[in-house]
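Chemist: Take this structure first; my questions come after.
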Amino acid sequence: MEKYNCWCKENGEQKEKAILEARANIKEWETRITELTGISSTLATEYKNLQQEVDKNELSLDESMALRKKQVAKFQEDEREMFNNLNSVRSAQVALNTSSFPSFLQRPKDTPIRLLRAVAERQADYLKSENRQQLMAFLQDPTSGSVRGVIDGLETDFEGSLKELQDEELQNKAAYEKLVSAKRKEIDSAKVQIAAKKEEKTAADEERLQKKQAVKDAKGSVEEDLAFAKKVQKQCNAKGQEWEKRQKIRSDEMQAVSKAVEVLDSDDSFDLFGKTMAPSFLQLASKEAPAMPQQIYDRLLALGKAHDSRLVTLSLQAKVDGLAKVRMTSFDVRSRLSELDSAVDCSNMAKRSANLLVAAV
């Protein structure tokens, strides 16, 4: 029973410890799951906002690129027209410096006069006020003597306007390239952050799933341990009750045997034994067992009825078989006493009485 009690204690304590540890882990893991849920949600919001910034910057970049294309096209058109106007003015200068200038003024509509008129109409905003007035006066009266100064002024104005146009284009180009570079850096940086946050979110989600599975497994283990602990407790309680019942039966048996031994060990019993033993030595040829003294039979029968039915059987056997059977039974009783390892120990007096019973019989 001691080994069984040890088994009950060890299993009970081990399962209780395992249940406490599992519940502590479950609490810790559930707290971590809540944290990971918040982390995952925050990361999702952050990389979503970053993606919106990337989309916005890419759209702005596309719009800037489209605007730049229009800007370049406009510059190329203005530059080409400016070159054409400048060439017209220079053609007029060449004609002015030759001896054919008077005939130059009398040419038909496709002459430089027509070109100068077209220049005056299209590029009036690029001309200085004084040069513009002189050009208009010349076109109204080509024979005017101020034609050389007008043409020289046109060349100077057109050259200056062309340089301003080209300088502006260089500035626009530099500004566009700077804008594109800045936007590209913002986009690339945001994309790197998005990738990192997505990776963090994936790790958080994976850990959360692992913790959820761990919680599920731990709860299942706790349920199994609780069921096992309950079963062990039930078995141990039943075993304990059975043991107590057996102990009581053993105690009753020991008391009955002790009383039987006490009866057989009494002075009256010794006197009766002496009376029954003497004739047995005289009747050497007789095969009949000596008669059982009525007093011993009555006492064994009374003890059997009061305490243990097996004493009744003993008394009946003794009545039929005589004291020889009682002697054999006494040896069985002493042997039984020595085999009761887990029962209550017999007193020294009871053992002595049992031995006396054997010796007397």
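The values are calculated or read from the model by the stated rules, or taken from the named source; none is laboratory data. Values in this document were obtained by computation on a predicted structure and should not be read as measured data. FYI the Cβ positions are ideal-geometry reconstructions off the backbone, even for glycines, and counts take in every protein chain you see.
Chemist: Check whether at least one residue in the stretch 217-233 is outside the structural domain of Glu63 (by TED's automatic domain parsing), among the charged types (D, E, K, R) and over 23 Å from the mean Cα position of the chain (by Cα), and report yes or no.
Modeler: Checking the stretch 217-233: at least one residue is outside the structural domain of Glu63 (by TED's automatic domain parsing), among the charged types (D, E, K, R) and over 23 Å from the mean Cα position of the chain (by Cα).
Chemist: Which members of the stretch 49-73 meet the condition of being surrounded by 12 or more Cβ atoms within 10 Å (Cβ to Cβ) and basic (Lys, Arg)?
Modeler: Lys56, Arg68, listed by residue number.
Chemist: I'm checking my understanding of the structure. Among residues of the stretch 146-160 that are of a type in the set (Asp, Glu) and at pLDDT 75 or above, which one is farthest from Phe83 (Cα to Cα)?
Modeler: The residue in question is Asp157.
Chemist: Test Ile33 against the criterion of being under 17 Å from the mean Cα position of the chain (by Cα) and either in contact (Cβ under 8 Å) with a residue 40 or more places away in the chain or in a helix (DSSP H, G or I) (or both), and give yes or no.
Modeler: For Ile33, the condition - under 17 Å from the mean Cα position of the chain (by Cα) and either in contact (Cβ under 8 Å) with a residue 40 or more places away in the chain or in a helix (DSSP H, G or I) (or both) - is met.
Chemist: Further, regarding this structure: Going by what's in this entry, would Asn84 be described as assigned by TED's automatic domain parsing to the domain that holds Glu155 and closer than 19 Å to Asp167 by Cα?
Modeler: Yes; evaluated as a whole, the condition is true for this residue.
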